[in-house]
1. First check a/c for the range 142-214, with a ≥ b ≥ c the square roots of the eigenvalues of its C-alpha gyration tensor; if it is under 1.5, answer rounded, and if not, answer prolate when a/b is larger than b/c or oblate otherwise.
2. Just to be sure I follow: if Rg is taken over the C-alpha atoms of the range 143-268 and Rh is the Kirkwood radius over the same atoms, what is Rg/Rh?
3. Apply 1/(1 + (r/R0)^6) to the Cβ-Cβ distance of residue 38 and residue 130, taking R0 = 35 Å, and write down the FRET efficiency to the nearest 0.05.
4. Rounded, prolate or oblate: which fits the range 200-252 when a ≥ b ≥ c are the square roots of the eigenvalues of the alpha-carbon gyration tensor, with rounded for a/c under 1.5 and prolate only if a/b beats b/c?
Ligand SMILES: [Cu+2]
């Protein structure tokens, strides 16, 4: 009996040790978020919200619609405070790495350190002249580039912080073998993720290549709910020339952009 128990314990440990999870950090300042190549499971958090263009917001997690609005650029190019509530602090602050309480602090060159909730996001401008609400993924438009490796299990927690709209996210180009229900086609393969709720997409990454993720509901991908999705080859390919692999700066995404809200053109 004891030996059987021992075998079971050893087996359980082996199963546990073969699964390596990477909780990928994907902050508003990270335009590309890459999963560790050695991980077997890549876990991402995507926060979906509406924000107004030309407006700075306080960073806060989870981001809620309208909370933390701070400044707005008027048509004279000046920032004007929107409310009398506490405003966020402007400037370049970078995350303090290390252990203990400094984990959540961001510091500037003068060594002034603040929690993320006191900092300002950069205003989103899109075409540089249109004042409207857009949809952001982790405070970004387009959403962050997500990078995984072929064969890894991808788990993406999508948090719908919109006020009234359901969402679903399609992982374009991914074959979803045996996970058709994770294909993200709202009202076809799943119920839309309701406002205020979350849903975990979970599927195996494949094939390799540069793809994108986008909303499959309404016209949301035309106002920001999209981003690049890169699946790196399992075995790196050797090329005859060398090149710089910098997806945070070298990934180009293209969107449909309407100065009006695309919902106005929906056929009813
Ligand atoms: Cu698609």
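1. Values: a/c = 2.11, a/b = 1.59, b/c = 1.33.
Since a/c reaches 1.5 and a/b is larger than b/c, the shape of the range 142-214 is classed as prolate.
2. Working: Rg = 16.1 Å, Rh = 15.9 Å.
My calculation of the ratio gives 1.01.
3. Values: r = 44 Å, r/R0 = 1.25.
About 0.20, to the nearest 0.05.
4. Values: a/c = 3.66, a/b = 1.71, b/c = 2.13.
Cα axes put the range 200-252 in the oblate bin.
Every number in this text was worked out from the coordinates using simple rules, so none of it is lab data. None of these values were measured; they are calculated from a predicted model. Counting neighbours? That spans all protein chains shown, and the Cβs are built from the backbone with ideal geometry, glycine included.
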